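Below: one structure, written as structure tokens.
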Amino acid sequence: MSDAKTTPSEDTFDVVVIGSGPGGYVAAIRAAQLGLRVACVERESLGGICLNWGCIPTKALLRSAELLEQFHRAREFGIVVEGEVKADLPAIVQRSRDVASKISKGVAFLLKKNKITHVAGTAKLGARAGAWQPHQVEVTAADGSARTLTTKHVILATGARAKSLPGVTLDGERVIEYRKAMTLPAQPKTMVVIGAGAIGVEFASFYRALGTEVTIVEYLPRLVPAADAEVSKELQRAFEKRGFQLMLSHKVAGVKNAGTHAEVLVDPRDGGPGTKLIADVVLVSVGISANTENLGLEAHGVKLDRGFIQVDAELRCGDGLWAIGDVIGRGLAHTASAEGVYVAERIAGHHAIPVDYDTIPACVYCHPEVAQVGLTEEQAKDKGVPYKVGKFPWRPLGKAMASGDSVGFVKVMWHAETGALVGAHMIGPAVTDLVAELTLAKATEVNAESLAYTIHAHPTFAEAIKEATEDALGHAIHL
């Protein structure tokens, strides 16, 4: 909102949301739908990190990489491509930025449609006279002008930013984080990626598809450590086949910008001899730090745990204060959105259904894709959960063979006594979309027999879920 002057009543709200990422703007919209007067404060572009520098633009980059790889395989499909097929990184980056811009404008449209006041600037909680007093949110615009919003409730959805390793300086030139990796002016010939979580392997996958020689350094013994062990092993095989150099169970001893290149010193965790890696660029992807600085939290007694805001079971962190998303350390955009809806409905007195964190899917958009919901097999064993495993590889599936994409498998675990879904783990084509069916099964307690006898269209990738479930029951047809 750009009004130079406003009356006090115009700056009084039921809810002020600080941050407009997938948690913040969703919370704002749901609160407005329930009849509350809402303001949403954002210091950068609407949509937050996810829509501008995370989920959306990275998928645009990965789509370009996928298309390039398909062109390189064109002859397999009977297509002759004349001339050289190569990546134009500046054009790929520009398309990614255009997609992000369109999505951000879409959020602006939604806020306006729902009569939500957008306040551009940096927010800070003001002091309060005592309990049950209205909150004062002080907003400082880019030009230095100030504005004070009065509200009954504040939803903190300020997100997080990339963090680095101790002693490793992100210089934005040779040693970079994900934002810079999205907008490099030229394709590096060589790259070292530190960290093999979702962000690390997605960027590694993108640059490898363009032809960059990529080395991944990971402290733990496998790629995507949060995934099921069998999925991690399959991803490792696929990455090695694509020409990645993988240095698993290695720790980073030092990173240096040497002017014309970067140097990374890595040591094996078992104490063997170290290695010096030389690369054009080093991407550090080792986690996030919550954006809690200068929010005025101390004056309100808001507690932090490892830098993240502590909340109770209802996502409260103080009197009239709520927090959601990355700032509380939960991660995942769709988790933040679900939390935003829940908090908005709690504030409005609506029947609010708590977020079921056991049914939240997780996806990794590298090639091949990875998706999961529920417990991993290791977790199920640790918890003593009785389960039946079913697996189905993509190789014999008609749709996979026709599509020329048959790396990976679907793995499902059903409770041996109740038949409920314990966990599902997939690697391969379209799995980040297919996980929705298994998430629904997990959330609604669909049992194995119900899913196995649900007719799946043929030929589809989704048939693999049915086949894997039939395998768990002992009667897979095509295995």
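Table for the structure above
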{"read-out": "Principal-axis tilt of helix 463-473 within the chain, Cα atoms, nearest 10 degrees", "value": "80"}
{"read-out": "Magnitude of the charge dipole, the chain, Cβ model with Lys/Arg +1 and Asp/Glu -1, debye to 20", "value": "760"}
{"read-out": "Euclidean distance of C-alpha centroids, the range 192-236 and the range 19-79, integer Å", "value": "22"}
{"read-out": "Solvent-accessible surface ranking, highest first, for GLU445, GLU66 at 1.4 angstrom", "value": "GLU445, GLU66"}
{"read-out": "Largest to smallest accessible area among ARG237, ARG75 [probe 1.4 Å]", "value": "ARG75, ARG237"}
{"read-out": "Pairs of alpha carbons in the chain whose separation is greater than 29 Å (percent)", "value": "56"}
{"read-out": "Heavy atoms of HIS153: accessible area, 1.4 Å probe, square angstrom to 10", "value": "40"}
{"read-out": "Cα-centred dipole magnitude for the range 193-351, charges only on beta-carbon of K, R (+1) and D, E (-1), debye, nearest 20", "value": "460"}
{"read-out": "Accessible-area ranking of GLU230, GLU240, largest first, probe 1.4 Å", "value": "GLU240, GLU230"}
{"read-out": "Helix-only mean residue ellipticity at 222 nm for the chain, each DSSP H run of n ≥ 4 adding -39500 (n - 2.57), per residue, nearest 500", "value": "-9500 deg cm²/dmol"}
{"read-out": "The chain: angle of helix 333-347 to the longest principal axis, Cα-based, in degrees nearest 10", "value": "30"}
{"read-out": "Total formal charge among the other residues, if their Cβ is under 10 angstrom from that of LYS189, Lys/Arg +1 and Asp/Glu -1", "value": "-2"}
{"read-out": "Cα centroid of the range 447-470 to Cα centroid of the range 396-440, whole Å", "value": "9"}
{"read-out": "Computed accessible area, CYS55, all protein chains, 1.4 angstrom probe, square angstrom", "value": "50"}
{"read-out": "Contact order relative to length of the chain, as percent, for alpha carbon pairs under 8 angstrom and 6 or more apart", "value": "14"}
{"read-out": "Top positive-direction residue, dipole computed over the chain with Cβ charges, set GLY307, GLY390, GLY167", "value": "GLY167"}
{"read-out": "Protection-proxy order for peptides 253-262, 435-444, each taking the mean of Cβ atoms within 10 Å per residue, highest first", "value": "435-444, 253-262"}
{"read-out": "Packing-based order for 312-320, 348-356, 81-89, 402-410, using average beta carbon neighbours within 10 Å, highest first", "value": "402-410, 312-320, 348-356, 81-89"}
{"read-out": "Per-residue SASA entry for LEU170, accessible area with 1.4 Å probe, Å² rounded to 10", "value": "60"}
{"read-out": "C-alpha long axis of helix 24-33 to longest principal axis of the chain, angle in °", "value": "60"}
{"read-out": "Computed magnitude of the charge dipole of the range 48-181 (debye, nearest 20; Cβ of K, R +1, Cβ of D, E -1)", "value": "740"}
{"read-out": "Long pairs among LYS411/LYS442; LYS59/LYS251; LYS251/LYS303, criterion Cα-Cα beyond 23 Å", "value": "LYS59/LYS251; LYS251/LYS303"}
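The values are calculated or read from the model by the stated rules, or taken from the named source; none is laboratory data. Computed from a predicted model, the values in this text were never measured in an experiment. Cβ sites come from the backbone with ideal geometry, for glycine too, and all protein chains shown count toward neighbours. Areas reflect the complete protein model, heavy atoms only, side chains present, ligands, DNA and RNA absent. Shrake-Rupley method; radii C 1.70, N 1.55, O 1.52, S 1.80 Å.
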